[in-house]
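Participant: One structure, pasted below without further comment.
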Amino acid sequence: MDVSPYAFASDNTSGLCPEALAALVAANDGPTGAYGDDPWTTQAAELIRDLVGAPEAEVFFALTGTAANSMALAAACLPHHGVICTDVAHVHTDECGAPEFFTGGTKLITTPHVGGKLTPEAITAARSGRRDVHFPRIRAISVTQATEFGTVYRPDELAAIRAAADGLIMHMDGARFANAVAGLGLSPREILGDVGVDVVTLGGAKNGLPLSEAIVFLSTDLAEEFAYRRKQSGQLASKMRVLSASWVGVLGDGAWLANAQHANRMAAELESRLAEIGVRTAYPRQANGLFLDLSDAAFTALEDRGWHIYQFTGGVTRMMCSWATTHEEIDAICADVEAVVAAA
(Lines give C-alpha, C1' and ligand atoms only; values in the text may rest on other atoms or scores of the structure.)
Protein backbone atom coordinates (compact mmCIF):
# COMPACT_ATOMS: atom_id res chain seq x y z
CA MET A 1 0.00 0.00 0.00
CA ASP A 2 1.50 3.33 -1.10
CA VAL A 3 -0.70 5.46 1.17
CA SER A 4 -1.38 5.40 4.89
CA PRO A 5 -3.77 2.64 5.99
CA TYR A 6 -5.37 5.25 8.27
CA ALA A 7 -6.22 7.65 5.45
CA PHE A 8 -9.98 7.05 5.77
CA ALA A 9 -10.22 5.71 9.32
CA SER A 10 -11.10 9.08 10.84
CA ASP A 11 -10.62 12.80 10.37
CA ASN A 12 -8.61 12.58 13.61
CA THR A 13 -5.82 10.60 11.95
CA SER A 14 -4.44 13.45 9.81
CA GLY A 15 -1.77 15.72 11.20
CA LEU A 16 -1.88 19.45 11.86
CA CYS A 17 -2.70 21.67 8.91
CA PRO A 18 0.06 24.14 7.94
CA GLU A 19 -1.77 27.18 9.28
CA ALA A 20 -2.34 25.59 12.68
CA LEU A 21 1.24 24.37 12.93
CA ALA A 22 2.70 27.73 11.89
CA ALA A 23 0.67 29.54 14.54
CA LEU A 24 1.70 27.01 17.16
CA VAL A 25 5.37 27.52 16.30
CA ALA A 26 4.93 31.30 16.42
CA ALA A 27 3.29 31.08 19.84
CA ASN A 28 6.31 29.13 21.09
CA ASP A 29 8.57 32.16 20.66
CA GLY A 30 9.44 33.31 24.16
CA PRO A 31 7.53 33.44 27.47
CA THR A 32 4.03 34.80 27.92
CA GLY A 33 1.23 34.63 30.49
CA ALA A 34 -0.03 31.28 31.73
CA TYR A 35 -3.50 29.76 32.17
CA GLY A 36 -4.98 31.74 29.29
CA ASP A 37 -3.58 35.13 30.26
CA ASP A 38 -1.82 35.47 26.92
CA PRO A 39 -2.48 37.34 23.66
CA TRP A 40 -3.05 34.14 21.65
CA THR A 41 -5.94 33.03 23.80
CA THR A 42 -7.45 36.50 23.81
CA GLN A 43 -7.22 36.76 20.02
CA ALA A 44 -8.57 33.24 19.49
CA ALA A 45 -11.62 33.98 21.63
CA GLU A 46 -12.29 37.18 19.69
CA LEU A 47 -11.99 35.38 16.36
CA ILE A 48 -14.47 32.74 17.51
CA ARG A 49 -16.92 35.43 18.61
CA ASP A 50 -16.61 36.95 15.14
CA LEU A 51 -17.05 33.52 13.56
CA VAL A 52 -20.31 32.74 15.35
CA GLY A 53 -21.60 36.32 15.10
CA ALA A 54 -21.98 36.73 18.86
CA PRO A 55 -19.82 39.56 20.25
CA GLU A 56 -20.87 38.85 23.84
CA ALA A 57 -20.30 35.08 23.74
CA GLU A 58 -18.15 33.51 26.43
CA VAL A 59 -15.39 31.31 24.97
CA PHE A 60 -13.33 28.65 26.72
CA PHE A 61 -10.82 26.12 25.44
CA ALA A 62 -10.44 22.49 26.46
CA LEU A 63 -8.18 19.63 25.50
CA THR A 64 -10.78 17.13 24.23
CA GLY A 65 -14.25 16.98 22.77
CA THR A 66 -15.32 14.59 25.52
CA ALA A 67 -14.45 17.13 28.18
CA ALA A 68 -15.86 20.06 26.21
CA ASN A 69 -19.28 18.47 25.70
CA SER A 70 -19.45 17.06 29.20
CA MET A 71 -18.51 20.35 30.85
CA ALA A 72 -21.01 22.23 28.69
CA LEU A 73 -23.81 19.88 29.78
CA ALA A 74 -22.66 20.15 33.38
CA ALA A 75 -22.95 23.92 33.16
CA ALA A 76 -26.54 23.49 31.98
CA CYS A 77 -27.72 20.73 34.32
CA LEU A 78 -27.93 19.63 37.92
CA PRO A 79 -27.52 15.96 38.89
CA HIS A 80 -31.28 15.37 38.98
CA HIS A 81 -31.81 16.73 35.45
CA GLY A 82 -32.21 14.94 32.12
CA VAL A 83 -30.88 15.65 28.62
CA ILE A 84 -32.74 14.50 25.50
CA CYS A 85 -30.52 13.21 22.70
CA THR A 86 -30.68 10.50 20.04
CA ASP A 87 -29.72 6.90 20.65
CA VAL A 88 -26.70 7.36 18.37
CA ALA A 89 -25.51 10.71 19.77
CA HIS A 90 -21.79 10.81 20.46
CA VAL A 91 -22.42 11.97 24.03
CA HIS A 92 -24.39 8.76 24.56
CA THR A 93 -22.44 6.13 22.61
CA ASP A 94 -18.81 7.27 22.65
CA GLU A 95 -18.01 9.21 25.81
CA CYS A 96 -17.66 6.35 28.33
CA GLY A 97 -20.29 7.95 30.57
CA ALA A 98 -18.36 11.24 30.80
CA PRO A 99 -21.48 13.47 30.57
CA GLU A 100 -23.05 11.61 33.49
CA PHE A 101 -19.74 11.78 35.38
CA PHE A 102 -19.16 15.51 34.83
CA THR A 103 -22.77 16.40 35.65
CA GLY A 104 -22.80 14.27 38.77
CA GLY A 105 -25.64 12.08 37.58
CA THR A 106 -27.68 13.86 34.89
CA LYS A 107 -29.47 11.22 32.82
CA LEU A 108 -29.24 11.08 29.04
CA ILE A 109 -32.76 10.38 27.77
CA THR A 110 -32.35 8.79 24.36
CA THR A 111 -34.83 8.80 21.50
CA PRO A 112 -34.84 7.05 18.09
CA HIS A 113 -32.94 8.95 15.43
CA VAL A 114 -33.97 9.69 11.86
CA GLY A 115 -30.87 9.67 9.68
CA GLY A 116 -28.82 10.44 12.77
CA LYS A 117 -31.00 13.41 13.67
CA LEU A 118 -33.08 14.32 16.69
CA THR A 119 -36.62 15.20 15.65
CA PRO A 120 -39.24 17.56 17.12
CA GLU A 121 -41.61 14.60 17.42
CA ALA A 122 -39.10 12.67 19.51
CA ILE A 123 -38.58 15.67 21.78
CA THR A 124 -42.33 16.12 22.23
CA ALA A 125 -42.75 12.43 23.03
CA ALA A 126 -39.94 12.51 25.59
CA ARG A 127 -41.36 15.62 27.24
CA SER A 128 -44.85 14.16 27.43
CA GLY A 129 -43.69 11.28 29.62
CA ARG A 130 -43.37 11.22 33.36
CA ARG A 131 -42.97 14.48 35.24
CA ASP A 132 -43.14 13.26 38.80
CA VAL A 133 -40.30 13.37 41.31
CA HIS A 134 -39.34 9.76 40.51
CA PHE A 135 -38.07 10.67 37.04
CA PRO A 136 -35.32 13.15 36.06
CA ARG A 137 -36.50 16.64 35.29
CA ILE A 138 -35.76 17.36 31.64
CA ARG A 139 -33.51 20.37 31.42
CA ALA A 140 -31.76 20.30 28.03
CA ILE A 141 -31.47 18.77 24.59
CA SER A 142 -28.28 17.88 22.71
CA VAL A 143 -27.90 17.78 18.92
CA THR A 144 -24.81 16.85 16.90
CA GLN A 145 -23.89 18.99 13.89
CA ALA A 146 -22.87 17.23 11.64
CA THR A 147 -24.49 14.06 13.00
CA GLU A 148 -22.83 10.75 13.73
CA PHE A 149 -24.10 9.54 10.33
CA GLY A 150 -22.74 12.51 8.40
CA THR A 151 -26.07 14.24 7.92
CA VAL A 152 -26.51 17.96 8.55
CA TYR A 153 -29.31 19.89 10.24
CA ARG A 154 -30.76 22.70 8.10
CA PRO A 155 -31.81 25.94 9.84
CA ASP A 156 -35.50 25.08 9.50
CA GLU A 157 -34.91 21.70 11.16
CA LEU A 158 -33.04 23.35 14.02
CA ALA A 159 -35.78 25.97 14.41
CA ALA A 160 -38.39 23.20 14.65
CA ILE A 161 -36.29 21.41 17.25
CA ARG A 162 -35.89 24.65 19.18
CA ALA A 163 -39.66 25.14 19.16
CA ALA A 164 -40.29 21.60 20.41
CA ALA A 165 -37.69 22.18 23.12
CA ASP A 166 -39.13 25.51 24.24
CA GLY A 167 -37.93 26.29 27.73
CA LEU A 168 -35.05 23.81 27.54
CA ILE A 169 -31.37 24.54 27.05
CA MET A 170 -30.09 23.64 23.57
CA HIS A 171 -26.59 22.18 23.39
CA MET A 172 -24.85 21.49 20.10
CA ASP A 173 -21.98 19.04 19.78
CA GLY A 174 -20.03 20.68 16.96
CA ALA A 175 -17.10 18.29 16.58
CA ARG A 176 -17.61 18.61 12.81
CA PHE A 177 -19.38 21.96 12.86
CA ALA A 178 -17.04 23.38 10.21
CA ASN A 179 -18.03 20.57 7.83
CA ALA A 180 -21.70 21.31 8.46
CA VAL A 181 -21.14 25.00 7.68
CA ALA A 182 -19.28 24.06 4.51
CA GLY A 183 -22.00 21.62 3.48
CA LEU A 184 -24.82 24.09 4.02
CA GLY A 185 -23.05 27.10 2.54
CA LEU A 186 -24.40 29.24 5.38
CA SER A 187 -22.83 31.36 8.08
CA PRO A 188 -22.30 29.82 11.52
CA ARG A 189 -24.73 32.32 12.99
CA GLU A 190 -27.56 31.02 10.79
CA ILE A 191 -27.32 27.59 12.45
CA LEU A 192 -26.45 28.79 15.94
CA GLY A 193 -27.73 32.03 17.41
CA ASP A 194 -30.44 32.54 14.80
CA VAL A 195 -32.08 29.22 15.73
CA GLY A 196 -31.61 29.53 19.48
CA VAL A 197 -28.59 27.36 20.31
CA ASP A 198 -27.43 28.17 23.85
CA VAL A 199 -24.01 26.51 23.93
CA VAL A 200 -21.92 24.89 21.21
CA THR A 201 -18.64 23.01 21.30
CA LEU A 202 -16.52 23.71 18.24
CA GLY A 203 -14.24 20.90 17.12
CA GLY A 204 -10.64 21.75 16.38
CA ALA A 205 -8.89 18.38 16.17
CA LYS A 206 -10.99 17.17 13.23
CA ASN A 207 -10.31 20.41 11.36
CA GLY A 208 -6.51 20.26 11.37
CA LEU A 209 -5.75 21.58 14.85
CA PRO A 210 -3.93 19.78 17.66
CA LEU A 211 -5.80 18.76 20.82
CA SER A 212 -8.11 21.74 21.18
CA GLU A 213 -11.87 22.25 21.33
CA ALA A 214 -13.78 25.45 22.08
CA ILE A 215 -16.83 25.78 24.32
CA VAL A 216 -18.89 28.78 23.24
CA PHE A 217 -21.70 30.04 25.43
CA LEU A 218 -24.17 32.06 23.38
CA SER A 219 -26.41 32.23 26.46
CA THR A 220 -23.81 33.80 28.70
CA ASP A 221 -25.63 33.16 31.98
CA LEU A 222 -24.69 29.48 31.57
CA ALA A 223 -21.03 30.46 31.73
CA GLU A 224 -21.28 31.76 35.29
CA GLU A 225 -18.42 30.20 37.27
CA PHE A 226 -17.55 27.98 34.29
CA ALA A 227 -13.88 28.93 34.69
CA TYR A 228 -13.93 27.18 38.06
CA ARG A 229 -15.65 24.13 36.59
CA ARG A 230 -13.02 23.89 33.86
CA LYS A 231 -10.21 24.11 36.41
CA GLN A 232 -11.76 21.45 38.63
CA SER A 233 -12.22 19.22 35.59
CA GLY A 234 -8.50 19.32 34.78
CA GLN A 235 -9.05 21.23 31.53
CA LEU A 236 -7.39 24.56 32.39
CA ALA A 237 -4.10 24.18 30.53
CA SER A 238 -1.20 26.06 32.11
CA LYS A 239 0.25 26.70 28.65
CA MET A 240 -3.12 27.64 27.18
CA ARG A 241 -1.51 29.20 24.11
CA VAL A 242 -0.73 25.65 22.96
CA LEU A 243 -4.50 25.12 22.68
CA SER A 244 -5.51 28.55 21.44
CA ALA A 245 -2.79 29.61 19.00
CA SER A 246 -3.84 27.18 16.27
CA TRP A 247 -7.33 28.66 16.32
CA VAL A 248 -5.75 31.99 15.45
CA GLY A 249 -3.93 30.26 12.60
CA VAL A 250 -6.99 28.66 11.00
CA LEU A 251 -9.48 31.45 11.68
CA GLY A 252 -7.26 34.38 10.78
CA ASP A 253 -6.95 33.53 7.08
CA GLY A 254 -10.01 31.36 6.47
CA ALA A 255 -8.33 27.96 6.66
CA TRP A 256 -11.01 26.77 9.12
CA LEU A 257 -13.64 26.81 6.39
CA ALA A 258 -11.27 25.89 3.56
CA ASN A 259 -10.17 22.76 5.43
CA ALA A 260 -13.78 21.67 5.86
CA GLN A 261 -14.66 22.45 2.25
CA HIS A 262 -11.74 20.33 1.07
CA ALA A 263 -12.75 17.41 3.29
CA ASN A 264 -16.33 17.61 2.02
CA ARG A 265 -15.21 17.75 -1.62
CA MET A 266 -13.00 14.71 -1.14
CA ALA A 267 -15.90 12.84 0.44
CA ALA A 268 -18.08 13.76 -2.54
CA GLU A 269 -15.42 12.50 -4.94
CA LEU A 270 -15.03 9.27 -2.97
CA GLU A 271 -18.79 8.80 -2.96
CA SER A 272 -18.97 9.24 -6.73
CA ARG A 273 -16.09 6.85 -7.36
CA LEU A 274 -17.56 4.17 -5.09
CA ALA A 275 -20.98 4.54 -6.72
CA GLU A 276 -19.37 3.72 -10.07
CA ILE A 277 -18.14 0.48 -8.49
CA GLY A 278 -21.62 -0.25 -7.20
CA VAL A 279 -21.16 0.68 -3.53
CA ARG A 280 -23.99 2.83 -2.22
CA THR A 281 -24.31 5.04 0.85
CA ALA A 282 -26.69 4.12 3.66
CA TYR A 283 -27.24 7.78 4.55
CA PRO A 284 -27.06 10.95 2.45
CA ARG A 285 -23.55 12.37 2.29
CA GLN A 286 -23.83 15.94 3.52
CA ALA A 287 -20.43 16.54 5.12
CA ASN A 288 -17.08 14.70 5.11
CA GLY A 289 -18.17 11.18 6.04
CA LEU A 290 -19.47 8.22 4.05
CA PHE A 291 -21.56 5.43 5.56
CA LEU A 292 -21.58 2.56 3.13
CA ASP A 293 -23.59 -0.58 2.50
CA LEU A 294 -20.59 -2.88 2.31
CA SER A 295 -20.77 -6.62 2.94
CA ASP A 296 -18.95 -8.17 5.88
CA ALA A 297 -16.81 -10.14 3.45
CA ALA A 298 -15.78 -6.99 1.57
CA PHE A 299 -15.03 -5.15 4.82
CA THR A 300 -12.83 -8.01 6.04
CA ALA A 301 -11.07 -8.15 2.70
CA LEU A 302 -10.26 -4.43 2.91
CA GLU A 303 -8.86 -4.97 6.39
CA ASP A 304 -6.74 -7.83 5.03
CA ARG A 305 -5.37 -5.42 2.44
CA GLY A 306 -4.24 -3.14 5.28
CA TRP A 307 -7.00 -0.51 5.50
CA HIS A 308 -8.12 0.70 8.92
CA ILE A 309 -11.80 1.66 8.59
CA TYR A 310 -14.80 1.12 10.83
CA GLN A 311 -17.89 -0.99 10.86
CA PHE A 312 -20.12 1.62 12.43
CA THR A 313 -23.36 1.62 14.40
CA GLY A 314 -26.08 -0.16 12.44
CA GLY A 315 -23.65 -2.33 10.48
CA VAL A 316 -22.56 0.30 7.98
CA THR A 317 -18.95 0.93 6.99
CA ARG A 318 -17.62 4.40 7.74
CA MET A 319 -14.98 6.24 5.72
CA MET A 320 -13.95 9.77 6.69
CA CYS A 321 -12.15 12.42 4.67
CA SER A 322 -10.10 15.23 6.20
CA TRP A 323 -8.37 18.48 5.32
CA ALA A 324 -5.41 16.35 4.18
CA THR A 325 -7.18 13.74 2.02
CA THR A 326 -5.62 13.41 -1.44
CA HIS A 327 -6.79 12.17 -4.84
CA GLU A 328 -4.07 9.51 -4.66
CA GLU A 329 -5.56 8.12 -1.45
CA ILE A 330 -8.99 7.98 -3.08
CA ASP A 331 -7.49 6.18 -6.09
CA ALA A 332 -5.86 3.63 -3.79
CA ILE A 333 -8.87 2.73 -1.70
CA CYS A 334 -11.22 2.68 -4.68
CA ALA A 335 -8.94 0.25 -6.48
CA ASP A 336 -9.03 -2.08 -3.49
CA VAL A 337 -12.79 -1.69 -2.99
CA GLU A 338 -13.35 -2.56 -6.65
CA ALA A 339 -11.17 -5.65 -6.28
CA VAL A 340 -12.84 -6.96 -3.13
CA VAL A 341 -16.37 -6.24 -4.40
CA ALA A 342 -15.63 -8.10 -7.63
CA ALA A 343 -14.27 -11.04 -5.64
CA ALA A 344 -17.21 -11.18 -3.20
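The values are calculated or read from the model by the stated rules, or taken from the named source; none is laboratory data. Note that this is a predicted model, so its numbers are computed, not measured. Please note: Cβ atoms are built from the backbone with ideal geometry, for glycine as well, and neighbour counts cover all protein chains shown. Side chains are part of the model used for accessible areas, which takes the heavy atoms of the whole protein and leaves out ligands, DNA and RNA. Shrake-Rupley method; radii C 1.70, N 1.55, O 1.52, S 1.80 Å.
Participant: Would you calculate, for the chain, the mean residue ellipticity at 222 nm contributed by helices, counting each DSSP H stretch of 4 or more residues as -39,500 (n - 2.57) and dividing by all residues, to the nearest 500?
Facilitator: Working: 13 runs with 140 residues, N = 344.
Result for the chain, helices only: -12000 deg cm²/dmol.
Participant: Considering the dipole of the chain built from charges on the beta carbon (Lys and Arg +1, Asp and Glu -1) around the Cα centre, which of V248, G129, A301 is farthest to its positive end?
Facilitator: Of the candidates, G129 comes out farthest on the positive side.
Participant: If you find the alpha carbon centre of the range 202-257 and of the range 104-165, how far apart are they in angstrom?
Facilitator: Centre-to-centre (Cα) distance: 25 Å.
Participant: Over all alpha-carbon pairs of the range 1-136, lay out the pair-distance distribution in 10 Å bins, whole %, shortest bin first.
Facilitator: Pair shares across the bins are 10, 24, 31, 23, 10, 2, 0.
Participant: Additional query: Take the Cβ-Cβ distance between T64 and A343 as r, set R0 to 35 Å, and report the resulting FRET efficiency rounded to the nearest 0.05. The partial results should precede the final answer.
Facilitator: On the way: r = 40 Å, r/R0 = 1.15.
Efficiency at R0 = 35 Å is approximately 0.30.
Participant: At q = 0.11, 0.17, 0.19, 0.21 Å⁻¹, what log₁₀ I(q)/I(0) does a Debye calculation on the Cα points of the range 171-303 give, no solvent, two decimals?
Facilitator: Log-scaled intensity ratios, in q order: -0.53, -1.00, -1.13, -1.25.
Participant: Which of the helices in the chain meet the span-like rule: DSSP H, Cα axial reach of 18 Å or more, Kyte-Doolittle mean at least 0.5? List each step's numbers first, then the result.
Facilitator: On the way: long enough: 39-52 (20 Å, 0.07); 255-277 (33 Å, -0.20); 327-343 (24 Å, 0.73).
Answer set is 327-343.
Participant: Quantify, in whole percent, the carbon and sulfur part of the accessible surface of the chain (1.4 Å probe; protein heavy atoms only).
Facilitator: Values: 7390 of 14500 Å².
Ligands and nucleic acids excluded, carbon and sulfur give 51 percent.
Participant: With the other protein chains left in place, how much accessible area per residue, in square angstrom, belongs to the range 71-145 at a 1.4 angstrom probe? Don't skip to the end; give the middle numbers.
Facilitator: Working: 3460 Å² over 75 residues.
Solvent-accessible surface per residue comes out at 46 Å².
Participant: Under the Kirkwood approximation applied to all pairs of distinct alpha-carbon atoms, what is the hydrodynamic radius of the chain in Å? List each step's numbers first, then the result.
Facilitator: Values: mean 1/r = 0.0484 Å⁻¹.
For the chain, inverting the mean 1/r across all distinct Cα pairs yields 20.7 Å.
Participant: Separation between the T313 and L78 pseudo-spin-labels, each 7 Å from Cα along Cα→Cβ, expressed in nm?
Facilitator: 3.0 nm
Participant: Over the range 147-208, give the accessible area per residue in Å² for a 1.4 Å probe, as an integer. Walk me through the numbers before you get to the answer.
Facilitator: Details: 1650 Å² over 62 residues.
Per-residue accessible area for the range 147-208 comes out at 27 Å².
Participant: Within the set of other residues whose C-beta is less than 13 Å from the C-beta of A122, count the net charge using Lys and Arg as +1 and Asp and Glu as -1.
Facilitator: On the way: positive: K117, R127; negative: D87, E121, E157.
Net local charge, A122 excluded: -1.
Participant: If you add up the charges near L78, with Lys and Arg at +1 and Asp and Glu at -1, over every other residue whose beta carbon is less than 9 angstrom from its beta carbon, what do you get? Display every interim value, and only then the final one.
Facilitator: Numbers: positive: R137, R139; negative: none.
Summing Lys/Arg as +1 and Asp/Glu as -1 gives +2.
Participant: Provide, in order from the shortest bin, the percent of all Cα-Cα pairs of the range 87-196 in each 5 Å bin, continuing until the bin that contains the maximum pair distance.
Facilitator: With a bin width of 5 Å, the distribution comes to 2, 12, 22, 25, 20, 13, 5, 2, 0.
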